[in-house]
Structures are given as structure tokens and as C-alpha cells.
Amino acid sequence: MGRVIGIDLGTTNSCVAVLEGKEPVVIHNQEGGRTTPSMVSWNADGDVVVGAASKRQMVTNPQRTVFGVKRLIGRKATELTELGARLPYKIVAAKNGDAWVDIEGTPRSPQEISAHVLAKMKRVAEDYLGDTVTEAVVTVPAYFDDVQRQATKDAGAIAGLTVRAILNEPTAAALAYGIQHEANQRLAVFDLGGGTFDISILAIENGVFEVLSTHGDTALGGDDFDRVIIDLLADEFRDEHGIDLRKDSVALQRLKEVAERAKIELSSSMTTDVNLPFIAAGPAGPVHLIRELERGQLERAFRPLFERLEAPCLKALTDARCTPQDIDQVLLVGGMTRMPAVQDRAERIFGKPASKGVNPDEIVAMGAAVHSGIIGGELQEVVLLDVTPHHMGVKVAGDKMSVVIQANTSIPTRAKKVFATTEDNQAFVAIEVHQGEHDMASRNRRLGRFVLGDIRSAPRGVTKVEVSFTMDADGILEVTAAEVGTGKAASVTIEASSGLTSDEIEKLGTRLSGARLLR
């Protein structure tokens, strides 16, 4: 059996690592970088360009260059109307309503686009190891739901990888940190990446990594901070010249590029210059965007985003039955945590300075490599106990969500509830399984539906049905419904669908392997 690699499939950048002698090692890519831009382009000849080469030509090829696809994976097009209006490429609805990307009339699923990035990581590892790689541990935001996790798994299958495990990013960071710091402690992993924010509370004791709680915001990340800068520059330019740069896909890409650079530079200096010559054409000829940005100006503009960091942290602490004083160490993960104002906010929430002893861009991939060692038996002294990030329950009368398994319950787990019929002489009961935190079932993610038929005829409320939820360590949910008294039962195993069938995954894998790739 070949080596199992660990991949951090990031919104902005991706990273791959492998376990060498019980130590995780980050692998350099073919360009010499330790991380790879999570960007995929199709050029005019139909060739696929991935990584740094894609990023270099995004300004000249904006409508065929896809970045931030992690924010689309497992989502419906109707959920992304506002985001789509700000992107240079076009989001379209697939037949089932999923968000896909239109590349010059050819719809591409987020799974296929992500697969190109995963395939790049696979080749990076194969070049380093000198052997074929077929298995990987892939990380996802802790607050991803079942559909998003399955979509990530399917992206791996398209890339020619068997995904041995889907691992939460904060948990991965804690694994990598805990392997190097063996003291028993309680960690808060504060993970602000390019597209999502996660906070997880973990306890490490005698080699056992127990996730106590997790919370987050899947619509808060570095891209949102970039958009604030883009809007700031574009609004000022529009007020001065009467031209909205956001309506020009090339100008929008140039703005994104300079916004990302300004954000990075202002993490280590107080001012930076923005210089975009020939950004637009006005009545009098070419117009330039030249101005100075100050750190304080951006921090004031970012304030609404900073404020969104606090509530998930407090909820995670509450769910873990902890106070900030109980936390021994705060780990900063994700490139956005290099921003001084983000570090200050984390310190204010937890009442202590955060650890700066880890590389926020690499530690998640290193943790994925550690988990590959746990799976493969190389690290038998390490045990991981994870949790389910969302409530799971059934839809009841009035579109209410009746929770059976609470969020942050350690898995594997089992729970049950008894329900009564709502109509006289009811012949069957339809069980709709949902996942999410909203009180209304329809506002949560529907995972599946099955029917328990031929139940006893009786007035409403008399016939009782017991519904049992069983979730294994891999997050696969089995739901059973049985009539109380007679024992008549029905069940369904719910393995989330990403919206792609097995045939579609196979065809996409064939298409990817046959794609003309420019290195």
C-alpha cells in the first residue's frame, strides 16, 4: 500500500504534507513554494492551468480563472447571489440547483475545479516521494455540513484519490501542535482562513485529542476583507471619476490583486501605496488609480468583520463548558491571523496572547499528515475523538426542527426520540431528516427522507413512533423509525450526496486525467 498524504485544500492556498519518521513534513511544489494558490484557469486553447501559473494570468483571463471555489462547494446557486455579483467569473445553477461555474458556455462543478487543485497536490507529493499516491486525508472547515464534506470527498475521487478521512481544519492544527508539545492542555484553535472562520476547543490528555466543541462562520474569511478594500477603492474612484470599476472584469481582478497585496503589507507596516495605472478610460483618456492606504483606515472599515469573530468563540466556549481562563493556549491558524488587529481581537476574547509558534499556512496540512499516521497505525499512541458540528433532527408539524443529536456531541453516538401521529387514522409517517441550527426545518439542510407505513389506525396522538439516530466515527448517519408497541420498523442510512452521481464522478475523473495541463 502506498503512502497516505495530508492535504489542506484551502480557499486561497493549498498545502500538502507527509509523515516522515512520525514527523509531518510540508512538501515544496514544483515552483519551489510550500503552498500553492487554489486557482484554476482554462486558457484560450482549452488547456488547464493550476496554481501559481493560474494566479499570474488571472488579470488577463478573468472570466476563465476560478478562485475561492471552496465557498461554492456543496452550496446552492440561490445562496450565492450576492457573492456571484462580485466575481469576475459566472456562477450558474446546475439541474439540481447547485452552484456551478460557467467557463465560456461549459458548466464546471466546484468538485471538478477543486479536483484540479487536489490533483496538483497529488503530483507534488508523487514527485517528492517518487511513488504513486492514491490515498489522502483532506481537511475542511469544522463548520462544513455533510453535503459540503461529501462534495470535498467527491473532488478527491475525481482527482484519483481515495479520501481516507475528512478532517476538521482546527482539529488538524491541534494534532500537529500537540504532537510537538506533549503537555496535557486545553486549546482554542482560532482559524481564520481565506473563506471561512472556525473556532474549536480541544482537550489534550495523555495522547488523547478530544474535541469539546466547534463553531464558526462559513461566510467569513480573507475574501471578505479583500472585498472591503475593493469596495473602498472602487467607491472612491466612482465618486471621483463616475466609473464603477467593479463592472469591468479585468479592472475587478486588478483591484482584487492590489487589495490582497495591501492587506498583507499593512500587517507589517502602517501605510502602503496603491498604484493601478490605466485602470479605466474616461472622456479625457486613460484614468489611473493612485493613492495611499493606512492601516488604521482599513481597521475601521474592517470593524463589522472583526465583530463577527466574537460570537462563535463565546458559543464554542459555552458548548465546551469552559471559560477563557480555562484555555491554556490559543492557536492562530489561517493567513488572516497574521493581521495585528485579528490577533488583538483573539487576545481580547480569550484574555491571553495567542501562540505564534506555528506557521498558520502550513499547520493544517501537517495535522492532516499526522492523522494519516493515526489511520495507518504509525502513531498508535495518539487517539482522536471528534464531534458533529451541527444539530441533527427531524421535521415535525409546523415546519419545526426537533433535534435528536445535539451539535458538539462526541461521535460515534446514538440518540432517540418518541413522536406521535398528528392526524386521525394516520396510515404512515414520513421521516424527514435535517441538519442545522435553525428552529425551522426548511431553513436547515435536508439530508434525507423515508416512510414508515402500515401503522395502526388510531386517533391522532395515540400511535407513537420512536426515531433513533446512530452516527459512526466517520460521520455516517443511520436513522431508524419503529412503531411503539408493534415494533414495525423502517430505516435509512444517510450518506450525504454532493449532487454528483457515481457515473458523473467517474466521467469527470476521466476528463480530468485526459485534460491538457500546463505546468
**Message:** Filter the range 115-133 down to the residues that are in contact with a helix residue (DSSP H, G or I) (Cβ under 8 Å, 6 or more places away or on another chain) and either open to solvent by 20 Å² or more (accessible area, probe 1.4 Å) or more than 26 Å from ARG3 (Cβ to Cβ) (or both) and list them by number.
**Reply:** THR132
**Message:** Take VAL18 and tell me if it is part of a strand (DSSP E or B), over 20 Å from the mean Cα position of the chain (by Cα) and of a type in the set (Val, Ile, Thr).
**Reply:** yes
**Asked** Of all residues in the range 286-312 being under 28 Å from ASP198 (Cα atoms) and of a type in the set (A, V, I, L, M), which is surrounded by the fewest Cβ atoms within 10 Å (Cβ to Cβ)?
**Response** ALA311
**Prompt:** Inside the range 35-52, can you point out the residues that are surrounded by 15 or more Cβ atoms within 10 Å (Cβ to Cβ) and either part of a strand (DSSP E or B) or at pLDDT below 95 (or both)?
**Reply:** THR36, PRO37, MET39, VAL40, SER41, TRP42, ASN43, VAL48, VAL49, VAL50, GLY51, ALA52
**Condition broken by ILE327, with the remaining ones in (1) over 18 Å from VAL211 (Cβ atoms); (2) at pLDDT 95 or above satisfied** = (1)
**Asked** If you check PRO389, PRO412, which single one turns out to be touching a residue at least 12 places away in the same chain (Cβ under 8 Å), open to solvent by less than 20 Å² (accessible area, probe 1.4 Å) and either under 30 Å from LYS22 (Cα atoms) or of a type in the set (A, V, I, L, M, F, W, C) (or both)?
**Response** PRO389
**Fill in**
How many residues of the range 146-204 are surrounded by 22 or more Cβ atoms within 10 Å (Cβ to Cβ), polar (S, T, N, Q) and not in a helix (DSSP H, G or I)? The answer is 3
**Message:** Looking only at the range 251-281, count every residue that is of a type outside the set (A, V, I, L, M), more than 18 Å from GLY222 (Cα to Cα) and surrounded by fewer than 16 Cβ atoms within 10 Å (Cβ to Cβ) and tell me the total.
**Reply:** 6
**Test: VAL394 is out of contact with any Gly (no Cβ under 9 Å at 6 or more places or on another chain), assigned to a strand (DSSP E or B) and more than 30 Å from ILE375 (Cβ to Cβ)** = yes
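LEU212: more than 22 Å from LEU80 (Cβ to Cβ) and either open to solvent by 20 Å² or more (accessible area, probe 1.4 Å) or out of contact with any Pro (no Cβ under 9 Å at 6 or more places or on another chain) (or both), yes or no?
Numbers: more than 22 Å from LEU80 (Cβ to Cβ): yes; either open to solvent by 20 Å² or more (accessible area, probe 1.4 Å) or out of contact with any Pro (no Cβ under 9 Å at 6 or more places or on another chain) (or both): yes.
So LEU212 fits the description; yes.
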**Asked** So GLU135 fits all but one of (1) within 22 Å of GLY32 (Cα to Cα); (2) in contact (Cβ under 8 Å) with a residue 12 or more places away in the chain; what number is the exception?
**Response** (1)
**Request:** Starting from residues that are over 16 Å from VAL50 (Cα atoms), under 20 Å from the mean Cα position of the chain (by Cα) and charged (D, E, K, R), keep the ones in the range 85-114 and report whichever is most open to solvent (accessible area, probe 1.4 Å).
**Result:** ARG86
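The values are calculated or read from the model by the stated rules, or taken from the named source; none is laboratory data. Small disclaimer: the values here were computed from a predicted structure and weren't measured. Counting neighbours? That spans all protein chains shown, and the Cβs are built from the backbone with ideal geometry, glycine included. When the accessible area is computed, the model is the full protein with side chains, heavy atoms only, and any ligands, DNA or RNA have been set aside. Shrake-Rupley method; radii C 1.70, N 1.55, O 1.52, S 1.80 Å.
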